[in-house]
1. Could you give every pair whose Cβ atoms fall below 6 Å, whose first residue belongs to the range 250-268 and is more than 16 Å from TYR24 (Cα to Cα), and whose second residue is buried (at least 18 other Cβ atoms within 10 Å of the Cβ) and of a type outside the set (Phe, Trp, Tyr), counting only separations of at least 6 or pairs across chains?
2. Please state which one of GLY94, GLY81 is of a type outside the set (Asp, Glu), outside any helix (DSSP H, G or I) and over 22 Å from LEU406 (Cα atoms).
3. Six or more apart or on different chains, Cβ under 7 Å: which pairs go from a residue in the range 463-478 that's at pLDDT below 60 to one that's assigned to a strand (DSSP E or B) and open to solvent by 30 Å² or more (accessible area, probe 1.4 Å)? Could you list them?
4. Of all residues in the range 300-322, which are of a type in the set (Gly, Ala, Ser) and either touching a Leu at 6+ places or on another chain (Cβ under 8 Å) or closer than 17 Å to GLU39 by Cβ (or both)?
5. Please determine, by comparing only the residues of the range 539-565 that are within 17 Å of the chain's Cα centre (by Cα) and among the aromatic types (Phe, Trp, Tyr), which one is farthest from ALA253 (Cα to Cα).
6. Which residue is farthest from GLY86 (Cα to Cα), if the candidates are limited to the range 10-32 and must be in a loop (DSSP other than H, G, I, E, B) and in contact (Cβ under 8 Å) with a residue 60 or more places away in the chain?
7. Quick one: ASN209 ticks every box in (1) over 23 Å from TRP389 (Cβ atoms); (2) modelled with pLDDT of 90 or more; (3) among the polar types (S, T, N, Q) except a single one, so which number is it?
8. Scan the range 24-48 residue by residue and report those that are of a type in the set (Ser, Thr, Tyr) and open to solvent by 10 Å² or more (accessible area, probe 1.4 Å).
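The values are calculated or read from the model by the stated rules, or taken from the named source; none is laboratory data. Since the structure is predicted, the reported quantities are computational estimates derived from the model, not experimental observations. All Cβ positions, glycine included, derive from the backbone under ideal geometry; neighbour counts span all protein chains shown. Surface areas here come from the heavy atoms of the whole protein model, side chains and all, with no ligands, DNA or RNA. Shrake-Rupley method; radii C 1.70, N 1.55, O 1.52, S 1.80 Å.
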Amino acid sequence: MAKKPRIVIVGAGMAGLTAANRLYTSASSKDLFDLCVVEGGTRIGGRINTSEFGGDRIEMGATWIHGIGGSPVHQIAQEIGALESGKPWECMDGFSDEARTVAEGGFELSTATVQPISVLFKNLMDFAQGKQIEASTPDVCLNSKLAAKAAAKICTVNGGFEKLSIGSFLRKGLEAYWDSVKDKGEELHGYGKWSRKLLEEAIFAMHENNQRTYTSAGDLLTLDFNAESEYRMFPGEEITIAKGYLSIIESLASVLPPDLVKLGRKVTRIEWQPEGHRLLELENVYDSRPVKLHFCDGSVMLADHVIVTVSLGVLKAGISQDSGMFVPPLPPFKTEAISRLGFGVVNKLFLQLSPTQDQQNHGSIKFPSLQMIFQPSDSELRHKKIPWWMRRTASLCPIYHSSTVLLSWFAGQEALKLETLTDEEIIDGVSTTVCSFLSHPHQERNPNSHELCNGNVKSFENLSGVGLKFSKVLKSKWASDPLFLGSYSYVAVGSSGADLDTMAEPLPKVSISNPGGGESSPLVCPLQILFAGEATHRTHYSTTHGAYFSGLREADRLLQHYHCFD
């Protein structure tokens, strides 16, 4: 009896479980494949990791459905009833509270000060992404439109867009904006030693720091300008999943037999047969399995096809000379694409507020949605005790309207540093920062008041006394986790969308016939190694739905190879 083709999927995240779901449930492939999913960790989900903190449901990894119009993730969430829950969850009300924007030193900024720069930044990003620039107030919209066009013109004159970064484009746009504003109004009143230009630059930097967490590019100077217009989002609002992102994963896995997904099976090496190589140590080519997987416990598994869904970070480590993840090494066209593409780290920090007994007697204290405007890290005006790793953090906000759990996002070097800090170091650094921002320098405080300074938030000056305390800390550590080595991919300067397409190409693509003449027989099986994951999708990279689409793509590639379609 003919042996079933064995398909092994490496990784039980969104891409891997989507591929397994598709292969297992396809009616025309029933009982055709010997299917197996091997996962190096002790849980399914990959970079989706729903957890709880302070009694609220939170996401350690993937958080948002990026647009509900046409999103397969939203469709699944609707079908399984995951969009409603009686239990509080992260961002359950979006960001319904209007953010308070405060400059270092405790200076709360007016909308009139913040809006022009916020609109400018949005219009510059819309321009880079090929979107229609939306109308705002006529003067603000005109100035930012002019700035976007001027920035594009400046960048083109300076050598074209070939190796232009988003970071350099944004800064040219800010300079062009300043040139277009006739009345710069350098004199500011009520903002201490902040000049208008310094303040506007710091507001712009806050938006840049938000963009770093959106893209995972630790420095926007490494984020490619050209590829930005290829990235696609679904229309409609961005929402979180009431019952947790893990509910999507569990739904995909629920149709699979219990023993199909094997946890704690970390792959250390994948041996395959590239073009021009004969299958070795096999007497019967037709009865062979061309791929051998080696696991950390010393065991091995043979397969006809392996769908690799590990992160780009793991692939980057895997192609290093010291690793030898693939034997023989992947061909140059594949390793060069892996090397060129960017893969950054974004971490989330959750903190639990713990009011003192005195504050509890007077009811709960509401922490604001705080946007933080920092002095430059080399400025003599900066608060010397605010740690450097806090200075590129854009916000600190409750995870929903009335929650006592606060959330802040970190990217790049700051995210890496966060992973090394103790809870005590984090609490001290965040407390120092909050104290600087929420203690207005000109406000006389009423010692009997239980409101927080500036009308909403109490000073943190005495954390052991009347002020609020952070009692617990929870942080993600994606960079130091050997199963991920980072968060998600981006198109770096020097790479392009074509590299994402290259990431998706299987190895080898076609059968190789007997070069020695005589009766032709395939010596190399096609589609031995297939690649899926968010870093293999040209227009939806860095997203869960991009990973979902890639899992479908590779499953369908194998179904088509075996001529089985519903």
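1. Close Cβ pairs (under 6 Å, with a partner that is buried (at least 18 other Cβ atoms within 10 Å of the Cβ) and of a type outside the set (Phe, Trp, Tyr)) amount to LEU263/GLU39; ARG265/VAL38; LYS266/GLY40; VAL267/VAL10; VAL267/LEU293.
2. The unique qualifying residue is GLY81.
3. LEU463/LYS469
4. Listed by number, the residues that qualify are ALA303, SER311, GLY313, ALA317, GLY318.
5. Filtering first and then ranking leaves TYR541.
6. Looking at residues that are in a loop (DSSP other than H, G, I, E, B) and in contact (Cβ under 8 Å) with a residue 60 or more places away in the chain, I get LEU32.
7. Of (1) over 23 Å from TRP389 (Cβ atoms); (2) modelled with pLDDT of 90 or more; (3) among the polar types (S, T, N, Q), only one is false for ASN209: (1).
8. Across the range 24-48, the qualifying residues are TYR24, THR25, SER28, THR42.
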